[in-house]
Amino acid sequence: MTERIPFTRSSRDGPGLRLTIPRPRPTAENLLRVKRIRWNEDLLIVAAAGEIDLATAGRLERALSGRLPAATVLDLTEVGFLGVAGLRVIESAAARARSESRMTGVVTDARPVLRLLHLFGVDSHIPVYRHLDHAILEVPNR
């Protein structure tokens, strides 16, 4: 989807003739910011802000790959949109954690994100918290 910028041609083309030049779509880096925060030796917080969709899910996936500590908290409090591609990344990371005997938790209070997690039953096998401090206290101890 491109946003158009109006462009008026010179007067020789006649009054009111306007062309539009498409604006480039924002890059994945502008749509989603992901930060890894090593809370302590056993806990990693992956904080995401923006939109997690097909175009940006890879950024989240990269942040959740590699060697991870005993517990990972995915902080989605600043995420306004979560698409199915993002949901797949979260479920894949949680499945990997279970197979490696690690813990995963999700933090969000955004209704669209909570609704998708509930609709697909993700909240039945991944603990979901509304506040980061609750997740920090509970996820490593599960």
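We did not get these values from a lab; they are worked out from the coordinates using the rules stated. From a predicted model like this one, the values you see are computed outputs, not experimental measurements. With ideal geometry, Cβ positions are generated from the backbone for all residues, glycine too; neighbour counts draw on all protein chains shown.
Brief remarks follow.
- Subtracting the Cα-Cα distance of ALA85 and ASN40 from their residue separation scaled by 0.36 nm leaves 13.3 nm.
- Ranked THR77, THR56, THR20, criterion: other C-beta atoms within 10 Å, fewest first: THR20, THR77, THR56
- Taking the Cα centre of the range 27-141 as origin and assigning +1 to Lys and Arg Cβ atoms and -1 to Asp and Glu Cβ atoms, the resulting dipole is close to 220 debye.
- Under the shape rule built on the C-alpha gyration tensor, where the axes satisfy a ≥ b ≥ c, the range 27-141 is rounded, since a/c falls short of 1.5.
- The range 48-110: C-alpha gyration tensor shape, a/c 1.5 cut-off, then a/b vs b/c: prolate
- DSSP beta bridge pairing in the range 27-141, given as percent antiparallel to the nearest 5: 35 percent
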